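Have a look at the structure below before the remarks.
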Amino acid sequence: MALQFHNTLSGRVEEFQPLEDLKVRMYTCGPTVYDFAHIGNFRTFVFQDILRRHLKYRGYQVNQVMNLTDVDDRTIANSQAAGVPLRDYTAKFIEAFQADRDLLGLDPPERLVRATDHIEPMVRLIETLVQKGFAYESDGSYYFRVKNFSDYGKLSKIDFSGIKDGARVDTDKYDKADARDFVLWKAAKEGEPCWETALGSGRPGWHIECSVMAMTYLGETIDIHSGGSDLVFPHHENEIAQSEAATGKPFARFWLHAEHLIVNGGKMSKSLGNFYTLRDLIALGYPPTAIRYLLASVPYRKPLNFSLEGLQQARQAIERLRNFHYRLTTQKFPAGQNSDLQAKARAGAEAFGQALDDNLNTAEALGAIFNLVRDGNTAMDAGEFRDGDRAAFLDALERWDMIFAVLDDRDYDKLKKYGLVKEEPSVVRLEADLREAGGGNGAGRVTLGEQEIERLVSERNHARQNRNFARADQIRDELLDAGVILEDTRNETRWKRK
RNA sequence: GGCGCGGUACCCAAGUGGUAAGGGAGAGGUCUGCAAAACCUUUAUGCGACGGUUCGAUUCCGUCCCGCGCCUCCA
């Protein structure tokens, strides 16, 4: 099956081909950095990450530009409330965004660009629109004249016939000639940040930044433009109007929109107060990979029901994959080959690739990999798995993880890097604390270092060999209280963090 | 009202004109000093409702019900 995506512009699933051989020019709408992003925002960013990873997996060269909206009403309001200059205020949340991206395993885009670094080209684009009769000035602000752009509405399919032409309305606190017109440039207001430009003193409207940054770095026609479904109108509709009015060329060929995260039956949003940030969930003890898995597990065009129970389910699912990966890399198998098994592994890899080709059907891709896990485990348990089969399964699993990126448990390291886990205590203190607390009653769960854990595991196994089960069980309980689960197998004791 | 997404087992969630992937949870089993973990097996005559087309529909058509999103703050 050919690679295909649902294109909002046509309303259909279409075969994807870049404009220029294997080069994909992709623009993705990033966050407005007025606060921490919540995981509803990250649903879209995870989708975009899956998209770019799959494109690369299929051999395309991806050139992705992601914007950071670092000036708008909310950003200004919040920075003023905090008494911090706009640039410093947004820098803090850009940093937080980068950390969250890293925690979620999102590959960095080729360019991450800030709106306020592109004021000059925005001004030039607005000037072009004025010259071509698509924009006008009013009280120092500039507006896009929608009635002059006949394609307006082609993305969102919104019918504007009911809106009266020429009605003078005051939305957004600025005057414009037509209710549909939208602001390109806002005249400076007392006490707000502004830029001195050829258009006068002011700041850019929201939509113009994306048109400018996309065209600056990717050219007048790009292959893919994506964002959340709430951006279809007005944001993306307006981007099309601005860009195509200026250039006379198609702005973006494929428009991909992610559906929202739903929580308790409604969209997760800041204004409803029903949101979690990544840090909130980490503080509740959920690992970033589980969050990534959950966000990636539902195909992007479907609303995703978010719940803590769902996160727990995601965590368990990842465990199953990691356990299989662990078996594959560590267990001893008889020499030889089992060609039937290897065929299954290859078929599994083929199946998940095809699932992703089909408009990024991540749910089906998951099904494919879990089938492979079961086939592998069953063969291992039955003694039919051979050493020569290892590579085929490992290859399939690792290829799969090039997209999903949840196999490698780097959570703990990353959390430490960003100071999101407690310091490791010494084992001596731990044991003392545990005894004092009567075996640890959950108050202030402590975190053990690997060496301490290994030492306790080894001590326990000595005790077991000497049939000192009381001591062995005591150590097991202590480790469990410290969040370490032991797994006794025939040959060894494996441990992992809860 | 317009546009869009959805209604599949206890929960999450794929999918197909030919009789329902996968994950979680539950149950049973294997293993084990015990336990846990791990692994295996198992769980929808049923896919919002009612009609229609068809040899056959959850899948196509029609009508209807319900949930959600967008309609100039919003990933």
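Arranged by the count of other C-beta atoms within 10 angstrom, fewest first, what order do A:Cys194, A:Cys210, A:Cys29 take?
The most exposed by this proxy come first: A:Cys194, A:Cys29, A:Cys210.
What FRET efficiency, computed as 1/(1 + (r/R0)^6) with R0 = 51 Å and r the Cβ-Cβ distance, is obtained for A:Lys154 and A:Tyr418, rounded to the nearest 0.05? List each step's numbers first, then the result.
Working: r = 43 Å, r/R0 = 0.85.
Calculated value: 0.75.
Region A:452-498 to region A:230-282: how many Å between their Cα centroids?
Rounded to whole Å, the Cα centres lie 49 Å apart.
Using Cβ contacts closer than 10 Å as the measure, can you line up A:Tyr276, A:Tyr142, A:Tyr326, A:Tyr60 from fewest to most?
A:Tyr326, A:Tyr60, A:Tyr276, A:Tyr142
If the cut-off is 20 Å between C-alpha atoms, which lysines fall inside it for A:Lys496, apart from same-chain ones fewer than 8 positions away?
In chain and number order, the partners are A:Lys414, A:Lys416, A:Lys417, A:Lys422.
So how compact is chain A: Cα radius of gyration and Dmax in angstrom?
Rg and Dmax of chain A, Cα atoms, are 27.2, 91 Å.
Per the helix-only calculation at 222 nm, which mean residue ellipticity applies to chain A, given -39500 (n - 2.57) for every DSSP H run of n ≥ 4 and division by its residues, nearest 500 deg cm²/dmol?
Mean residue ellipticity, 222 nm, calculated: -14500 deg cm²/dmol.
Mind putting a number on the dipole of chain A about its Cα centre? Charges go on the C-beta only, +1 for Lys and Arg and -1 for Asp and Glu, and I need it in Debye to the nearest 20.
Value, rounded to 20: 700 debye.
Just need the relative contact order of chain A here, percent rounded to a whole number, with Cα pairs under 8 Å and 6+ apart.
15 percent
Which one, A:Gly11, A:Ile119, A:Gln313, is farthest towards the positive end of the dipole of chain A when Lys and Arg carry +1 and Asp and Glu -1 on their Cβ?
Among A:Gly11, A:Ile119, A:Gln313, the one farthest towards the positive end of the dipole of chain A is A:Gln313.
If the cut-off is a Cα-Cα distance under 20 Å, which aspartates and glutamates reach A:Lys332, setting aside same-chain residues fewer than 8 apart in sequence?
Straight-line reach from A:Lys332, under 20 Å: A:Asp340, A:Asp375, A:Asp381, A:Glu384, A:Asp387, A:Asp389, A:Asp395, A:Glu398, A:Glu487, A:Asp488, A:Glu492.
Show which lysines lie in cross-link reach of A:Lys23 when reach means a straight Cα distance below 27 angstrom and same-chain residues fewer than eight apart are skipped.
Correct list for A:Lys23: A:Lys56, A:Lys154, A:Lys249.
Throughout, read-outs are computed from the coordinates displayed, never taken from laboratory work. If you're wondering where the values come from, they're calculated on a predicted model, not measured in any experiment. FYI the Cβ positions are ideal-geometry reconstructions off the backbone, even for glycines, and counts take in every protein chain you see.
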